[in-house]
1. Projected onto the charge dipole of region 297-435 (+1 at Lys/Arg Cβ, -1 at Asp/Glu Cβ, origin at the Cα centre), which of G363, A432, V349 gives the Cα projection farthest towards the positive end?
2. Which distance in Å, rounded to a whole number, links the C-alpha centroids of region 231-271 and region 367-395?
3. Could you sort the peptides 271-277, 250-256, 119-125 by per-residue average Cβ neighbour count (10 Å cutoff), highest mean leading?
4. What is the helix-to-structure angle for 17-42, meaning the angle in degrees between its Cα long axis and the longest Cα principal axis of the chain, kept from 0 to 90 and rounded to the nearest 10?
5. Cα axis of helix 268-286 to longest principal axis of the chain: angle in degrees, 0 to 90, nearest 10?
6. Find how many whole Å separate the alpha carbon centroid of region 189-211 from the alpha carbon centroid of region 43-101.
7. Using only the Cα atoms of region 1-136, build the gyration tensor, take square roots of its eigenvalues as a ≥ b ≥ c, and label the shape rounded, prolate or oblate: rounded if a/c is under 1.5, else prolate if a/b is larger than b/c, else oblate.
8. Checking the a/c ratio against 1.5 first, then a/b against b/c, what shape does the Cα gyration tensor give for region 4-287?
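Just so it is clear, none of the values below were taken in a lab; they were calculated from the coordinates. Quick caveat: nothing in here was measured; it's all calculated off a predicted structure. Backbone-built Cβ (ideal geometry, glycine too); neighbour counts: all protein chains shown.
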Amino acid sequence: MVAADDFLAALGLGLGHNATVVVLGCAAFGLAAGLVGCFVLLRGRALIADVAAHATLPGVAAAFIGATLAGADPRNLWLLMAGGAASAALGTLAVRAATATGRVRDDAAMALVLSAGFGLGVVLMSVVQSRPTGGQAGLAHFILGQAAGMAEAEARALGVLAAGAVAMVLLLFNPLRTLCFDEAFAAATGLPVRLLDLALMALMLLVAVAGLRAVGLILVVALMVIPAVTARLVTDRLGVMAALASLFGAVSGWVGAALSAAAPGLPTGAVVTLVACALFVAALLLSPGRGVLAALLRHARLSWRIARDHFLRGAWEELERQRLGPDGAFAAAAVAEAWGWGPARLALVTCAARAAGLLTPAGEPGFLRLTEEGTALARGVVRRHRVWEIYLTRAGGVRAFAAHRGADLIEHTLPPEVEAEVEAWLAAADPALAREPVPPPVEGSLGHGARA
């Protein structure tokens, strides 16, 4: 169980020196991974990052074996990370070489290198385990990470990595932005596309190797991709996205490491990844632009607007049928019957319309009247529908029935500029008809609120 007091103390860097080192180190790595991950994601290199992360394992194991044979310290972290970086670079180059022939698809090449690299790493790890010097336990932590054993020097190195990543991204921000969004344009403007790609790959490899200690090779790609995807849900601006991805990555590392410090049985890398996933789920649900709740709200608003427009149009055409003016009383049931609505939907729409000030009771049960606001809105709805019908039948040669159906489908989402163009066409084609507040229905259309 997570002790709340210990968790809050870890968040405030008050749980002890070791916990503080781990929290700051994971936060620094999360910041760097989120920032670099933005460009990796936009460049379409997310799976390459996964390949690079898995390809570090044979390099780490080979460096351990080589150091043992050479009589050097096989547990030197920098030596092991250099071996991981070399094998990760070879893995990414192998993917590019396989796809350059045109005989192997990108996804197949990445799957091949990822599985082969990880398989080779497992074999080399078994070789390490079988040697008298052993040391397998130390290498196993590179798979899932061991942030709890992070030394202060390692945390400082991660801080330097974060600062270096920020500096490199700031230096190359505009060229990388152009490269990510339009490679052909970047090449046409004289940007060194291959060098920029290599720089981005170098940053990606640096982050992947640096994350081995914090979250392990299996989860390191998560800290590059998840914060970037989360930020992409929140904004469309690259600068804001990069800042948010850095923030989300840092928060994931900070909170995840604090949770792990408060509950020593929890693996730090997995907890950090789960915190990043929680931020993603929150953004997926709550993002004002792309969030699920925002989409549901937009859908509900559109559904209400369509139902409101249908009812008002049906009410207007029912009044026309009864040869009454806009201030006449009409039977709500007649409008519902024309649209094929049941009692529940009719009650919902009329209650909402009355609450919006569009309808008022007519005195007789089941009868309603349009308010002044409702009359103006109904007049606009009917005019828009009929003008669109006229345009489709006269300018488009569409049959009246099909024009009615087409107008019914599109009239609720027409942009204002399109409405203005259609009105201008009608004013030029039939000035007298265009001057009428509500043109008559097109002959042969269903009209009068009938269902299409």
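1. Working it through, the farthest residue towards the positive pole turns out to be V349.
2. Centre-to-centre (Cα) distance: 52 Å.
3. So the peptides 271-277, 250-256, 119-125, ranked by packing, come out 250-256, 271-277, 119-125.
4. Rounded to the nearest ten degrees, it is 60.
5. 10 degrees
6. Centre-to-centre (Cα) distance: 16 Å.
7. oblate
8. Oblate shape, in that a/c is at least 1.5 and b/c is the bigger or equal ratio.
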